[in-house]
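Quick notes on the structure that follows.
The values are calculated or read from the model by the stated rules, or taken from the named source; none is laboratory data. Remember, predicted model here, so these are calculated numbers, not experimental data. Because the Cβ atoms are built from the backbone with ideal geometry, glycine has one as well, and the counts that use them run over all protein chains shown. These accessible areas exclude ligands, DNA and RNA; they are computed on the full protein's heavy atoms, side chains included. Shrake-Rupley method; radii C 1.70, N 1.55, O 1.52, S 1.80 Å.
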Amino acid sequence: GTPILRSAYQPLAYTVATVDLDFHLDPKATQVTSRLQCVRNEDAPAGPIVLFGDTLELVSLTIDGAAPADGQLRHTDSGLEIDVSADSVALEIVTRIDPSANLTLSGLYQSRGGFFTQCEAEGFRRITYFPDRPDVMARFTVRLEADAATCPVLLSNGNLLETGALPNGRHFARWEDPFLKPSYLFALVAADLKALERKVDTMSGREVLLQVWVEARDLDRVSHAMDSLVHSLRWDEEVFGLELDLDRFMIVAVSDFNMGAMENKGLNIFNTKYVLANPDTGTDLDFENVESVVAHEYFHNWTGNRVTCRDWFQLTLKEGLTVFRDQQFTADMMARASDSPAAAASARAVTRIANVRGLRAGQFPEDAGPMAHPIRPDSYQEINNFYTATVYQKGAEVIRMLLTLLGREGFRNGMDLYFSYHDGQAVTCDDFVGCMAEANGVDLDLFMRWYSQAGTPHLKAEGAWDAAAGSYTLTLSQHTPPTAGQPDKLPLHIPVAVGLIGPDGADLPLVLAGEAGPGDTTRVLELKEASRSWTFTGLSAEPVPSLLRGFSAPVILDIAESDERLAFRMAFDADPFNRWDAGQRYMERVILALAADAAAGRPLEVPQAFGHAFRALLIDDSLDAAFVAEALALPSEAYLLDRLQPADPAPLRAALIHLTRALGLAMKADFLSRYLDLEVDGEYRYHPLDAGKRALRNQCLRYLTAAGSATAIDLATKQFEHAGNMTERYGALAALVQSDAPARVGALEAFHQRYMGDALVLDKWFQLQAGAWRWSDAAPDTLAQVQALMANPAFSLSNPNKVYALLGGYFKANPAEFHRADGAGYAFWAEQVIALDRNNPQVASRMARALEGWRKFTPEIQARIRPALEKVAATEGISPDVAEIVGKALS
Ligand code: B3K
Ligand code: ZN
């Protein structure tokens, strides 16, 4: 495909002031009448009215009430162009669409008998002809009518004006959105749903109505989503002074949805996965995810909707910022339940750890592959491919660095200025950073390179101790490896939070040469050049540096640290994130060495010193359980694969299995006693302290069952059978699935039986089996298992959640099985990507991405992957979505 360039942005000659939409909803033939008031854009060069349309049937079009004159209306590749001379023109456009045949889940489609829309990024043009770009902000009114029996609920954005009955069993509703919005934020729902409602007062004392709409059978699973919404509303008031601006705010759950959720103005539409959770069906992680996705979409109301993006290259303007906001919110929610500052810091660190784990597993590999792009890309072929870990997660890291550099108050001032300048506008990333700079009187020009440069920077640190002077000189250097289309990299502005630890394990005050003491124990150094040194003075013994505390920048830290030093920091680093990270670095070192031994056919042995350091954390019951659970968890396989050069999944898996089993075996008694001590009494509540205990308990069970004793299988079986909630039941099943014990089959069957009619819970069942390892040496043939599961009546290729669970579980979460030596995994991948692409290119493209990083593997593995990529690339009629992914992979 031809790339679209950021540099080619041009405002449209005509924008839209008002839109009035009228939907006659019908599964096969929905008629949409759109009345637009188009107005000449003073800031743009002259030109026609440009309307985009995609797979539409045009029924009629009038211009100021008259049929178009000869040649006035032109059909183009992307829609229509209309020549007009007046400054203000009324268009009436009638289109016909077939929602029942729309399997892309973009535009207007059906799910379980109801009608739903998804318009971001370019779905609105699949509903009607429109200047479907985020810089066209208009006032919308909507009338929808549908069959009253099958679609008793009719919703759209904003405020409800009127409802009424119509002949032939039909009814209608009229809605009005008082705020300007781009078309990607339009939504409608017509379905058979029930709502949980709550009324709350906003900070200015306005009463607002909150609704969560679901199918009647799911009403017993929505209270957590409602609580999450109320928490989000309060948090945005307290932390950012931002209030809900509508009288009504709705969340609607739908089973068939391409991503997590969508922030349509006043009518957020969610994948059921991020709404529904009760103790019997949702794990603690599901509860946490619901809370954070509800928050994310709610926060978009200001960062995304009130101020939106000028063009799709600016996507991180709303996504990076909103992910940052939801991460801060989650950290605050986690810390809220703590009874001391230290406990609160630990709780926040656990959120931070989860965020960084996600970044390392998902974004670092993206940055190292053919899809590498800056958080503000310069080009794309298909915008839907750019809702990426880079735009979202790295984008959030970039915002977080601004917070680190400017401080809480400075950051808040920048946000306030941003809203005061740009409310109601469609703007750019430069506008945002410009407000941060102006509000704080600082120059952020250099910082802007984070927006234009792709790739994960490497930060190298070297220390020099001068015993005579009592000083320690830290030299930091940066280097970003080349990425596709960006061979040369410039130095970035990197905030590096630093601490120095004394021989007794306590932090030392940091005093730079030339300063008077006493200094703070953590300071942020700003590296702006390729390399720079800082000298700390007044030290009586050589310190141990603790760098990048809290993961102050999204970089890879290269520092020569002995095993002893890592163990020391695992025990003493005052920064809980770095304490965890010291353990991760140590594990990484041990795992990579084991993998090298496995590849070379040498015997595998876990260094004793590592075992000691690991055990010290395991048995320390003064530590927060959630933190210990994270500290005992190995780095993700996806991250580790990238650290192996060249990557080879089989020896890596062998190393991970060996390490887990060896630790489980060596510390059996300790794992068991922690497991037994951690039982949570009483009724399930979603609470960070309880969740932490359950997480550590499940982690202990994993190590115990890995070691393979009959006692461990017995424990897991009992936990499975007596579990009082999904977290325990799922934890036990996850442990059993990886064993060869006969209890494995029984537990899988029992779980299937119990949740047979429950789509979301069955997704867990599919995913577990697709992603499972086996602790034993028995070859599991996961591929055959996945293929068999595709024939299960509960599986469907047209439901994205099912595809992500089963196929995604196999392609993405099980590298050792997917990259099996006979290449059968790749043939299966090609077949499934091609099949999915016929109906849903967005889902197909997400699965296609599983092989984009193929060049990191050994030459033998690459040779097996290439034909699969070539097969997909050569498939006739392949979508632009998938073509972009495989094209970039092969280029
Ligand atoms: N803004 C939507 C993502 C839309 C993706 C379109 N392919 C969800 C979110 O980030 O909140
Ligand atoms: Zn978002």
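Quote the FRET efficiency, to the nearest 0.05, computed for Gln37 versus Ser100 with a Förster distance R0 of 51 Å and r equal to the Cβ-Cβ distance.
0.95
Report the full-extension gain for the segment Arg449 to Met756: residue separation times 0.36 nm, less the Cα-Cα distance, to one decimal in nm.
Contour length minus Cα-Cα distance gives 105.4 nm.
Could you give log10 I(q)/I(0) at q = 0.08, 0.09 Å⁻¹ for the chain, computed by the Debye formula over C-alpha point scatterers of equal weight, without solvent?
-0.76, -0.98
Filter the cross-link list Lys668/Lys764; Lys318/Lys888; Lys199/Lys764; Lys194/Lys764 down to pairs whose alpha-carbon distance in this structure exceeds 30 Å.
Correct reply: Lys199/Lys764.
Tell me, what is the per residue accessible area of the chain in Å², probe radius 1.4 Å?
Averaged over the residues of the chain, the accessible area is 37 Å².
With a bin width of 10 angstrom, please list the P(r) values of the stretch 605-716 as percents of all Cα-Cα pairs, from the 0 bin to the one holding the largest distance.
Distribution as computed: 13, 41, 33, 11, 1 percent.
Can you tell me, using C-alpha contacts under 8 Å and at least 6 residues apart, the relative contact order of the chain as a whole percent?
Worked out over the chain, it gives 8 percent.
If the chain between Thr2 and Arg838 were fully stretched, how many nm would it gain, using 0.36 nm times the residue separation less the Cα-Cα distance?
Gain in length upon complete extension: 298.8 nm.
Checking the cross-link filter: which aspartates and glutamates have an alpha carbon closer than 13 Å to that of Lys802, excluding same-chain neighbours under 8 positions apart?
Reachable aspartates and glutamates: Asp256, Asp758, Asp763.
For a quick check of understanding: with a 1.4 angstrom probe and all protein chains in place, what accessible area in square angstrom does Lys394 have, to the nearest ten?
Only protein atoms counted, so the area is about 0 Å².
How big is the Cα convex hull of the stretch 156-201 in projection, averaged over all directions, in nm²?
5.0 nm²
Between the stretch 240-300 and the stretch 362-395, what's the alpha-carbon centroid distance in Å?
For the stretch 240-300 versus the stretch 362-395, the Cα centre distance is 24 Å.
On alpha-carbon atoms, Rg over Rh for the stretch 426-512 using Kirkwood Rh?
Rg/Rh for the stretch 426-512 comes to 1.10.
Separation between the Glu831 and Arg589 pseudo-spin-labels, each 7 Å from Cα along Cα→Cβ, expressed in nm?
4.6 nm
With a 1.4 Å probe and every protein chain kept in, tell me what percent of the accessible surface of the stretch 197-340 is carbon plus sulfur.
Heavy-atom surface of the stretch 197-340 belonging to carbon and sulfur, 1.4 Å probe: 46 percent.
Could you state the angle between the C-alpha long axis of helix 395-422 and the longest principal axis of the C-alpha atoms of the chain, as a value from 0 to 90 degrees rounded to the nearest 10?
30 degrees
Which Cα, out of Leu807, Thr18, Ala863, lies furthest along the positive dipole direction of the chain (beta carbon charges, K/R +1, D/E -1)?
Of the candidates, Ala863 comes out farthest on the positive side.
For Lys528, list the lysines whose Cα falls under 21 Å from its own Cα; do not include residues on the same chain fewer than 8 positions away.
Lys394, Lys460, Lys489
Given R₀ = 30 Å, what would the calculated FRET efficiency be for Ala86 paired with Ala29, taking r from the Cβ atoms and rounding to 0.05?
Taking R0 as 30 Å, the efficiency between Ala86 and Ala29 is 0.35.
Quickly work out the Arg198-to-Tyr421 label distance, labels modelled 7 Å from Cα along the C-beta direction, and quote it in nm with one decimal.
3.6 nm
Just to be sure I understand the curve: with the Debye formula and one point per C-alpha of the stretch 4-192, what is log10 I(q)/I(0) at q = 0.14, 0.15 Å⁻¹?
Treating every Cα as an identical point scatterer, log10 I(q)/I(0) equals -0.77, -0.88.
Could you please put Arg702, Arg685, Arg112 in sequence from largest to smallest accessible area, using a 1.4 Å probe?
Arg112, Arg685, Arg702
Hey, can you grab everything whose amide H is under 5 Å from the amide H of Val254? Only 5+ residues off in sequence or another chain; H modelled, so Pro and N-termini drop out.
Phe270, Asn271, Thr272
Please work out the C-alpha center-to-center distance from the stretch 601-649 to the stretch 719-780 and express it in whole Å.
If you average the Cα positions of each part, the centres end up 24 Å apart.
Compute the long axis of helix 859-873 from its Cα atoms, compare it with the longest principal axis of the Cα atoms of the chain, and write down the angle in degrees, 0 to 90, nearest 10.
Long axis of 859-873 versus the principal axis of the chain: about 10 degrees.
Please give, to one decimal in nm, the separation of the simple spin-label points placed at Asp563 and Thr76, each 7 Å out from Cα toward the Cβ.
6.6 nm
So what's the angle, to the nearest 10 degrees on a 0 to 90 scale, between helix 315-336 and the longest Cα principal axis of the chain?
In the chain, helix 315-336 runs at an angle near 50 degrees to the longest axis.
Per 5 Å bin, what percent of the C-alpha pairs of the stretch 458-560 does each bin hold, from zero upward?
Going from the shortest bin to the longest, the percentages are 2, 12, 22, 24, 17, 10, 5, 3, 2, 1.
Calculated from DSSP H runs of 4 or more alone, at -39500 (n - 2.57) each and per residue, what is the 222 nm mean residue ellipticity of the chain, nearest 500?
-12500 deg cm²/dmol
Considering only DSSP beta bridges whose two residues both sit in the chain, what percent are antiparallel, to the nearest 5?
80 percent
I'd like the accessible area for His296, computed on protein heavy atoms only with a 1.4 Å probe and all protein chains in place. Round to 10 Å², please.
20 Å²
At q = 0.15 Å⁻¹, what log₁₀ I(q)/I(0) does the stretch 755-891 have when each alpha carbon counts as one equal point scatterer in the Debye sum?
With one equal scatterer per Cα and no solvent, log10 I(q)/I(0) is -0.71.
With every protein chain kept in the model, how would you rank Asp466, Asp177, Asp575 by accessible area, 1.4 Å probe, largest at the top?
Most to least solvent-accessible, the answer reads Asp466, Asp575, Asp177.
Going by amide H atoms built from the backbone, whose H comes under 5 Å of the H on Val307, apart from near neighbours?
Sorted by chain and number, the residues that satisfy this are Gly424.
Roughly how many Å² of Met448 are accessible to a 1.4 Å probe, to the nearest 10?
Met448 exposes around 30 Å² with every protein chain in place.
Relative to 2.2 N^0.38 Å, what does the C-alpha radius of gyration of the stretch 308-452 come to as a ratio? Two decimals please.
Output field value: 1.09.
Under Stokes-Einstein, with the Kirkwood radius over Cα pairs standing in for Rh, what whole-number D in µm²/s applies to the stretch 779-836 at 37 °C and 0.692 mPa s?
Answer from the Stokes-Einstein relation: 284 µm²/s.
Roughly speaking, what % of Cα-Cα pairs in the stretch 124-224 are separated by over 16 Å, rounded to a whole number?
68 percent
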